[in-house]
Amino acid sequence: MGKMKIPATGQGFLGEIMVHKISRAVGVVESVVEASNGWPPQIVLKLPDGSVKKGRLSDFRDPSAKERAAINPA
C-alpha cells in the first residue's frame, strides 16, 4: 500500500519526488511545514545539484514517469 498524502495539511509529502511548476526543477521533498490557521503547507525541495526550491504545495506537482526516471535512475 502506498503512503498516504494529505494535500490539505502537507502530511505524507516528506521524501517524495516533486517538480517545481515554474522552473520545472525535479527534486526530493526535504522538509514540510504543515498547514495551520488558514496558511497553506510549504515545502522545501532539494535538487540533485544541492540547491533548494521553497514554496507552497500548490507551486509543485507530481512528476511524470520520464521526470521520475531522471532523478532516480534504476
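Odds and ends about this structure:
- Over the chain, accessible surface divided per residue gives 68 Å², non-protein components excluded, 1.4 Å probe.
- Number of Lys pairs (Cα under 15 Å; 8 or more positions apart or on different chains) in the chain: 4
- Apportionment of accessible area to carbon and sulfur, the chain, percent (1.4 Å): 56 percent
The values are calculated or read from the model by the stated rules, or taken from the named source; none is laboratory data. Keep in mind that this is a model prediction, so the values were computed, not measured. To get the accessible areas, we keep the full protein, side chains included, count just its heavy atoms, and leave off ligands, DNA and RNA. Shrake-Rupley method; radii C 1.70, N 1.55, O 1.52, S 1.80 Å.
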